[in-house]
Amino acid sequence: MSQPVMAPTADTPSAPVLAEVVRSGFVEGRHRGSVVLLAADGSVEWAIGDVTSPVYPRSANKPMQAAGVLRSGLDLAGERLALAAASHSGEPFHRALVRAMLDEHGLTPDHLRCPPALPLDQQEQEAYLAAGGRRDRVAMNCSGKHTAMLAAAALRGWPLDSYRDPEHPLQRIIRTVVEEVAGEPVAAVGVDGCGAPLMAISLTGLARAFRSFVLAEPGTPERRVADAMRAHPDHVAGARRHDTWLMREIPGVLSKVGAEAVQAVALPDGRSLALKIDDGGARALGPVLARALRLAGVTEPVVDRIGRTPVLGGGVEVGKVRAVF
């Protein structure tokens with residue numbers, strides 16, 4: 001396993017401010033972070049902050065994990081492959097497909113090692129609870145990925161109980177994929193919120209990985225994952241999620257969010273970006289992503305919708321979170 005990566009010291013320069021929280025005309029908070037944009041040829045077009053030190057991409061690594069599942073020999077396509085790369089909202093069709101996939105591979109929800117959870121989407125969570133739902137492994141936003149990992153292990157005759165172990169044959173394949181498409185070694189291996197291995201790379205490596213997926217030859221595992229995600233964005237996220245909006249409304253875009261305010265996006269011509277808000281503040285993610293997309297030349301109306309994060313006071317909009325770069 002990789003050696004631990006040291007946290008920044010007191011001598012490390014502060015990351016630049018990417019977003020401000022404005023309430024009633026007063027700046028009450030700031031979010032720092034880093035962003036990188038790669039040109040179509042893969043060179044760094046511009047960068048803000050530290051884009052070469054390793055970060056945990058969290059669920060932005062899921063396309064790479066799905067490609068590793070394909071490389072292991074599991075044949076997934078369409079909605080099933082999109083769900084394997086998803087941080088789904090826990091809507092009924094997400095949960096139904098997870099259960100169907102488990103059944104198709106001779107598995108049950110008891111085989112899943114992701115933690116029981118409520119649906120990720122707040123509106124869906126409220127409806128789920130009102131209907132008598134309880135925390136469940138299938139409802140957990142990573143259940144599609146875990147189902148695909150289990151199915152791959154079952155196909156190959158690998159251990160099922162230890163499919164999350166970094167030394168499991170499947171996880172070794174996934175690490176190879178991450179390092180190949182990122183163009184750099186994995187700097188650290190941790191445990192993600194769902195319990196699966198989490199592999200650290202730089203933001204530049206993350207942008208490079210997404211670029212490689214959209215430019216991969218048709219039929220390759222990487223291109224198959226990108227095509228499935230773009231064809232079925234609702235299965236990757238959900239009705240009220242910006243990954244879905246981007247992939248539905250801008251042809252050819254590949255987009256995946258990660259916890260702790262990580263985001264990666266690739267445009268069909270190979271331009272790609274990756275960003276992280278240092279404090280994990282999700283409220284800053286939309287405005288920062290929208291600004292980065294505009295700087296990349298993306299002008300479709302969906303960008304304005306993604307960038308709008310109102311600040312409320314007494315239930316009324318009294319300010320906003322705004323990008324400042």
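The values are calculated or read from the model by the stated rules, or taken from the named source; none is laboratory data. None of the values given here were measured: they were computed from a predicted structure. Ideal geometry is used to build each Cβ from the backbone, glycine not excepted, and the neighbour counts take in all protein chains shown. We work out accessible area using only protein heavy atoms, side chains counted, and drop any ligands, DNA or RNA first. Shrake-Rupley method; radii C 1.70, N 1.55, O 1.52, S 1.80 Å.
Considering (1) buried (at least 21 other Cβ atoms within 10 Å of the Cβ); (2) closer than 20 Å to residue 293 by Cβ, say which one residue 252 fails and leave the rest.
Of everything listed in (1) buried (at least 21 other Cβ atoms within 10 Å of the Cβ); (2) closer than 20 Å to residue 293 by Cβ, residue 252 misses just condition (1).
Looking only at residues in the range 255-272 that are part of a strand (DSSP E or B) and in contact (Cβ under 8 Å) with a residue 60 or more places away in the chain, which one is most open to solvent (accessible area, probe 1.4 Å)?
For the range 255-272, the residue satisfying everything is 257.
Quick one: residue 218 ticks every box in (1) in contact (Cβ under 8 Å) with a residue 40 or more places away in the chain; (2) more than 17 Å from the chain's Cα centre (by Cα); (3) not in a helix (DSSP H, G or I) bar one, so which box is it?
All conditions are met except number (1).
Only one of these conditions is not met by residue 34: (1) small (Gly, Ala, Ser); (2) touching an Asp or Glu at 6+ places or on another chain (Cβ under 6 Å); (3) assigned to a helix (DSSP H, G or I). Which number is it?
Tallying (1) small (Gly, Ala, Ser); (2) touching an Asp or Glu at 6+ places or on another chain (Cβ under 6 Å); (3) assigned to a helix (DSSP H, G or I), residue 34 fails exactly one: (3).
Only one of these conditions is not met by residue 275: (1) buried (at least 24 other Cβ atoms within 10 Å of the Cβ); (2) in contact with a Pro (Cβ under 7 Å, 6 or more places away or on another chain). Which number is it?
(2)
Restrict the check to the range 167-180 and report whether at least one residue is touching a residue at least 60 places away in the same chain (Cβ under 8 Å), crowded, with 18+ Cβ neighbours inside 10 Å and closer than 15 Å to residue 55 by Cβ.
Yes, because at least one residue in the range 167-180 is touching a residue at least 60 places away in the same chain (Cβ under 8 Å), crowded, with 18+ Cβ neighbours inside 10 Å and closer than 15 Å to residue 55 by Cβ.
Of these, 79, 124, which one is open to solvent by 30 Å² or more (accessible area, probe 1.4 Å), modelled with pLDDT of 95 or more and either in contact with a helix residue (DSSP H, G or I) (Cβ under 7 Å, 6 or more places away or on another chain) or outside any loop (DSSP other than H, G, I, E, B) (or both)? Can you show your working first?
On the way: 124 fails: open to solvent by 30 Å² or more (accessible area, probe 1.4 Å).
Of the residues listed, the single one that is open to solvent by 30 Å² or more (accessible area, probe 1.4 Å), modelled with pLDDT of 95 or more and either in contact with a helix residue (DSSP H, G or I) (Cβ under 7 Å, 6 or more places away or on another chain) or outside any loop (DSSP other than H, G, I, E, B) (or both) is 79.
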